[in-house]
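Q: The structure that follows is given in the form of structure tokens.
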Amino acid sequence: MRRANVKTKIFDISNYTEEVIRKADVDFDPEAVDMIEDATDKLKQAANVIAKGGLVVFPTETVYGLGANAFDPAAVGKIYKAKGRPADNPTIVHIARPSDIYLTGRDLTASTLKLASVFWPGPLTMVVHKRPEVPSITTAGLETVGVRLPDHPAAIELISMSGVPIAAPSANLSGGPSPTKGRHAIADMDGRVEIILVGADSRIGIESTVVDMTASSPVVLRPGFLSAADLAEELGKDVKTHSSLVDENEASNADTDEPPKSPGMKYRHYAPEAEMYIIEGKRPDVENEIARLRSLNEKEGRKVGVILFDEKDYVDAAHDFYAKLRELDDAGSDLILAGALDRGDGLGFAVMNRMMRSAGHHVIRV
Ligand code: AMP
Ligand code: MG
């Protein structure tokens with residue numbers, strides 16, 4: 001893809017953490033005060049870029065985001081250009097405090113407000129009816145808008161200083177794995193945005209759970225760290241999972257008749273450059289099959305990478321999955337063999353949703 005000729009400033013704001021903020025504000029620790037002043041200055045510069053219609057990459061707890069003023073259609077247009085993102089894939093609008101949902105959403109239900117009070121800040125995007133002030137490009141023409149309050153002090157401060165909600169998809173080139181480390185965001189966005197804010201590695205590592213709150217019972221459109229069961233428990237009512245997510249063991253969404261409700265879900269997505277296969281079955285069988293395929297392919301001179309997460313340790317799997325894809329691509333892998341995760345587990349289901357797309361729905365069952 002052609003690189004835009006933007007001179008990108010890369011700012012390290014990894015000191016801007018709850019812990020250092022507390023040390024500065026409560027303990028008046030001089031070193032912490034300096035760190036926070038320095039990071040605040042960088043965040044201010046980034047906020048100015050947003051306010052003036054430019055692009056900023058910023059860390060969140062899920063993955064790195066590529067942000068612009070959500071109310072400025074020209075600025076949001078730059079997001080699509082920088083990512084090479086299809087125009088029918090909406091952005092998520094990020095806010096700095098729960099009540100700012102009223103800036104972009106209308107006709108909010110009691111369930112929406114309840115989930116906001118329980119899970120925000122956090123990895124939950126709620127799709128609600130949009131206010132007319134939200135330009136159509138921000139929602140890719142939809143009459144609904146996805147809204148989220150990220151659980152990351154630098155992200156919240158950036159949004160707050162900008163004075164506007166920030167529209168942001170993940171900060172990767174369209175189709176590739178989402179960035180969970182500063183260097184991933186730099187690899188994809190250097191030369192395309194005004195500022196890249198580099199924080200610590202993303203704490204969660206997969207994108208937010210997206211739930212449609214406009215139907216009578218909420219529907220999960222994209223699984224994430226928070227499961228449908230987590231949401232249902234708080235609401236005391238049923239939360240459905242969109243059928244395209246449940247059926248996708250067999251075929252890609254693009255092949256089914258039902259139009260995807262969450263537009264981003266239909267594309268080949270999160271994909272490494274290497275060809276990728278998922279091996280699914282009992283653990284010893286999976287290990288044997290991976291070993292067999294590995295030696296077979298290596299004999300033919302192909303470089304093979306393996307992704308095999310600890311069984312049941314899906315927090316680590318979520319945290320490391322995208323980084324692992326990028327690492328194997330960087331190592332020049334021709335083929336990636338990945339062990340399937342248990343889809344019966346909430347987080348296993350969420351990581352498998354990404355893994356299936358990364359692998360173009362190539363599954364070998366053993
Ligand atoms: P990204 O942050 O790159 O994962 O992209 C945002 C994703 O949020 C989109 O691909 C959609 O899946 C979802 N999304 C955002 N807004 C809406 C909406 N109004 N309706 C349904 N899904 C949405
Ligand atoms: Mg994305």
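The values are calculated or read from the model by the stated rules, or taken from the named source; none is laboratory data. As the structure is a computational prediction, the values presented were derived from the model and not from experiment. Every residue, glycine as well, gets a Cβ built from its backbone with ideal geometry; the counts of neighbours run over all protein chains shown. For the accessible areas, the whole protein counts, side chains as well, though only heavy atoms, and no ligand, DNA or RNA atoms are used. Shrake-Rupley method; radii C 1.70, N 1.55, O 1.52, S 1.80 Å.
Q: From (1) away from ligand 1 (no atom under 16 Å from the Cβ); (2) in contact with a Pro (Cβ under 7 Å, 6 or more places away or on another chain); (3) hydroxyl-bearing (Ser, Thr, Tyr), pick out the condition that doesn't hold for SER162.
A: Failing condition for SER162: (2).
Q: Filter region 112-140 for residues that are small (Gly, Ala, Ser) and open to solvent by 20 Å² or more (accessible area, probe 1.4 Å); which is farthest from ARG192 (Cα to Cα)?
A: The qualifying residue farthest from ARG192 (Cα to Cα) is SER117.
Q: So, of the residues in region 9-39 that are over 21 Å from the mean Cα position of the chain (by Cα), touching a residue at least 24 places away in the same chain (Cβ under 8 Å) and surrounded by fewer than 17 Cβ atoms within 10 Å (Cβ to Cβ), which turns out to be nearest to ILE186 (Cα to Cα)?
A: So the residue we want is LYS9.
Q: Mind checking which residues of region 64-81 are within 16 Å of SER178 (Cα to Cα) and open to solvent by 10 Å² or more (accessible area, probe 1.4 Å)? If you could, list the steps in order and put the result at the bottom.
A: Narrowing region 64-81 to residues within 16 Å of SER178 (Cα to Cα): 64-67, 79-80.
Once the filter is applied, which keeps residues that are within 16 Å of SER178 (Cα to Cα) and open to solvent by 10 Å² or more (accessible area, probe 1.4 Å), region 64-81 yields only TYR80.
Q: Among the residues that make up region 80-100, is at least one of them modelled with pLDDT of 95 or more and over 22 Å from the mean Cα position of the chain (by Cα)?
A: Yes, region 80-100 contains at least one residue that is modelled with pLDDT of 95 or more and over 22 Å from the mean Cα position of the chain (by Cα).
Q: Which residues, taken from region 265-316, are within 16 Å of ligand 2 (Cβ to nearest atom) and either touching a Cys at 6+ places or on another chain (Cβ under 7 Å) or more than 21 Å from GLY348 (Cβ to Cβ) (or both)?
A: LYS266, TYR267, ARG268
Q: Run PHE225 past the list (1) under 22 Å from GLY176 (Cβ atoms); (2) within 12 Å of ligand 1 (Cβ to nearest atom); (3) at pLDDT 95 or above and report the number of the one that doesn't hold.
A: (2)
Q: Among the strands (runs of 3 or more DSSP E) confined wholly to region 50-123, which include 3 or more residues that are hydrophobic (A, V, I, L, M, F, W, C) and touching a residue at least 12 places away in the same chain (Cβ under 8 Å)?
A: 56-58
Q: Evaluate the following for THR125: is it under 17 Å from GLY67 (Cα atoms) and either within 16 Å of ligand 2 (Cβ to nearest atom) or hydrophobic (A, V, I, L, M, F, W, C) (or both)?
A: Yes.
Q: Another question about this same structure. Output the residues belonging to region 339-353 that are under 16 Å from ILE279 (Cα atoms) and in a helix (DSSP H, G or I).
A: GLY348, PHE349, VAL351, MET352, ASN353
Q: Would you mind finding the one in LYS83, LYS130, LYS114 that is over 30 Å from ALA274 (Cβ atoms), basic (Lys, Arg) and within 12 Å of ligand 1 (Cβ to nearest atom)?
A: After applying the criteria, what remains is LYS130.
Q: Another question, then. Farther than 24 Å from ILE195 by Cα and more than 16 Å from ligand 2 (Cβ to nearest atom) - does that describe any residue in region 145-155?
A: yes
Q: Do we have VAL147 as touching a residue at least 12 places away in the same chain (Cβ under 8 Å), more than 14 Å from ligand 1 (Cβ to nearest atom) and aliphatic (A, V, I, L, M) here?
A: no
Q: Are there any pairs, at least 6 apart or on different chains, whose C-beta atoms fall under 8 Å, with the first in region 157-170 and polar (S, T, N, Q) and the second more than 16 Å from ligand 2 (Cβ to nearest atom) and part of a loop (DSSP other than H, G, I, E, B), and if so, which?
A: Every condition considered, the pairs that remain are SER160/ALA96; SER160/ARG97.
Q: Within region 205-215, count every residue that is open to solvent by 10 Å² or more (accessible area, probe 1.4 Å) and away from ligand 1 (no atom under 12 Å from the Cβ).
A: 0
Residue-wise test of (1) assigned to a helix (DSSP H, G or I); (2) surrounded by 20 or more Cβ atoms within 10 Å (Cβ to Cβ).
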site	(1), (2)
GLU287	yes, no
ARG292	yes, no
LEU296	yes, no
LYS312	no, no
LEU328	yes, yes
LEU337	no, yes
MET355	yes, yes
HIS361	no, no
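Q: Restricting to region 205-241, and then to whatever is in contact with an Asp or Glu (Cβ under 7 Å, 6 or more places away or on another chain) and assigned to a loop (DSSP other than H, G, I, E, B), can you tell me which residue is nearest to ARG343 (Cα to Cα)?
A: GLY224
Q: Could you check region 165-181 and list, in sequence order, the residues that are more than 9 Å from ligand 1 (Cβ to nearest atom) and either modelled with pLDDT under 95 or surrounded by 23 or more Cβ atoms within 10 Å (Cβ to Cβ) (or both)? So that I can check it myself, show each step before the final result.
A: Initially, region 165-181 is screened for residues more than 9 Å from ligand 1 (Cβ to nearest atom), giving 165-167, 173, 175-177, 179-181.
Selection gives PRO165, ILE166, ALA167, GLY175, GLY176, PRO177, PRO179, THR180.
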